[in-house]
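Inspection log for the structure reproduced underneath, given as structure tokens.
Just so it is clear, none of the values below were taken in a lab; they were calculated from the coordinates. Worth saying up front: this structure is predicted, and the values here are computed from it rather than measured. A quick note on method: Cβ atoms are made from the backbone with ideal geometry, for glycine too, and the neighbour counts reach across all protein chains shown.
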Amino acid sequence: MIKVKNLKKYYGKNRGIENVNFEIKEGEILGLIGPNGAGKTTTIRILTGFLKPNDGNALISNFKMPFEIDKIKEKIGYIPGEVNFYGDMKVKEFLEFNRSFYKNIDKKYEKELIEILGIELNKKFKALSLGNKKKVAILQALVHKPKYLILDEPTNGLDPLVQQTFYELIKKHKENGSVILFSSHVLSEVEKICDSFAMIKEGVIVKTGTIESLKDLSKKLIYVYNLKFTDSLEKYTYTKKDNVYVFEIKSNRLKNFLSDLIATDFYDIEIKNPALEDIFLELYK
């Protein structure tokens, strides 16, 4: 279990987080979502032992973070938002160094992760692209099969195929009973991978719930070009400029909308995810 209760952190007079509460149970993935600067990373740095809170509690398996981090750190896997390992080390040297922190590393699983992620072992870390650095971060976080996974914007820099591979790896750890905190500012990936969510804005958790309830907030922007508009589309929210209709469709109505749209005549469509900040603005109206 990971449990955060009334957590507060200030940097001098500047707010880090004001009032953060959530709980993650065994075999559950919670998505911590919010725009940049909302307080996601501050919360994670307290849970991983890098920061002390001003007030409240951050518990991992009933151990108080960061004060009892030494009692639980072998069971934690962490992917930082910015990956900066030892630049002059070759990847294979770094992996050997990483093994020294754990009593038992499954070499077979390590090899499997290297192959699945396509990691280059003979390059120095500083010579890797952002995406390849992130792959190494994923490997070092998962290789010891941790009970607790804390992931800070883990897919930044990954191409879509590697993202999908990463999601499958995380799902397997969940099936094995891991407790997973997944921080992101991308609503669509939280919908895809998580069981529940906690939405943070300006250091405060403003909404929590299941992923199904998140879909009531989530929506797609669908651009339809050269549409011959019919009455069947009147029930949907839209704007029109020149020959382009832009429909705002909630995720839970997407299939119905597409079914109605296919029955009409149009030239092309484009589907986009609105910025999370836009969803927050709507939430705060």
*asked:* If N is the number of residues in the chain, what value comes out of its Cα radius of gyration divided by 2.2 N^0.38 Å?
replied: 1.14
_Relative contact order, percent, the chain [alpha-carbon distance under 8 Å, six or more residues apart]_ = 21 percent
*Most mobile listed residue (Tyr86, Tyr267, Tyr148) in the chain, GNM with C-alpha springs under 10 Å*: Tyr267
*asked:* As I understand it, the value is the acute angle between the Cα axis of helix 130-142 and the longest principal axis of the Cα atoms of the chain; what does it come to in degrees, rounded to 10?
replied: 60 degrees
*Shape call for the stretch 24-75 from the C-alpha gyration tensor, a ≥ b ≥ c root eigenvalues: rounded (a/c under 1.5), prolate (a/b greater than b/c) or oblate?*
oblate
*Using only Cα atoms, find the angle between the long axis of helix 160-175 and the longest principal axis of the chain, and express it within 0 to 90 degrees, rounded to the nearest 10.*
60 degrees
*Of Lys123, Lys240, Lys71, which is the most mobile in a GNM of the chain whose springs link Cα atoms less than 10 angstrom apart?*
Lys240
*How big is the antiparallel share of DSSP beta bridges in the chain, given as a percent to the nearest 5?*
65 percent
*Under the classification rounded if a/c is under 1.5, otherwise prolate if a/b is larger than b/c and oblate if not, where does the stretch 166-245 fall, given a ≥ b ≥ c as square roots of the Cα gyration tensor eigenvalues?*
prolate
*Could you tally the net charge around Arg15, taking each other residue with its Cβ under 14 Å from the Cβ of Arg15, Lys/Arg +1 and Asp/Glu -1?*
+2
*Cβ-based charge dipole, the chain, positive-most Cα from Ile105, Ile44, Tyr223*: Ile105
*How would you classify the stretch 107-266 from its alpha-carbon gyration tensor, with a ≥ b ≥ c the square roots of the eigenvalues: rounded for a/c under 1.5, else prolate if a/b is greater than b/c, otherwise oblate?*
prolate
*Nearest 20 debye, what's the magnitude of the dipole of the stretch 161-274 about its Cα centre given +1 on Lys and Arg Cβ and -1 on Asp and Glu Cβ?*
180 debye
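Nearest 20 debye, what's the magnitude of the dipole of the chain about its Cα centre given +1 on Lys and Arg Cβ and -1 on Asp and Glu Cβ?
980 debye
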*For Lys201, enumerate residues with amide H under 5 Å from its amide H, sequence gap 5+ or separate chain, H modeled in the peptide plane.*
Val206
*Considering the options Gly12, Phe266, Ile119, tell which one lies farthest towards the positive end of the dipole of the chain, charges being +1 on Lys and Arg and -1 on Asp and Glu at the Cβ, about the Cα centre.*
Gly12
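If Rh is defined by the Kirkwood formula over all Cα pairs and Rg also comes from Cα, what ratio Rg/Rh do you get for the stretch 219-283?
Working: Rg = 11.8 Å, Rh = 12.3 Å.
That ratio is 0.96, to two decimals.
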*Separation of the stretch 4-33 and the stretch 67-96 by C-alpha centroid, Å?*
22 Å
*Dipole magnitude of the stretch 219-283 about its Cα centre (Cβ charges: Lys, Arg +1; Asp, Glu -1), debye to nearest 20*: 180 debye
_Using helices alone, I'd like the mean residue ellipticity at 222 nm for the chain: each DSSP H run of four-plus residues gives -39500 (n - 2.57), total over residue count, nearest 500._
-8500 deg cm²/dmol
*Looking only at Phe50, Phe182, Phe166, which one moves most when the chain is put into a Gaussian network model with springs between Cα atoms under 10 Å?*
Phe50
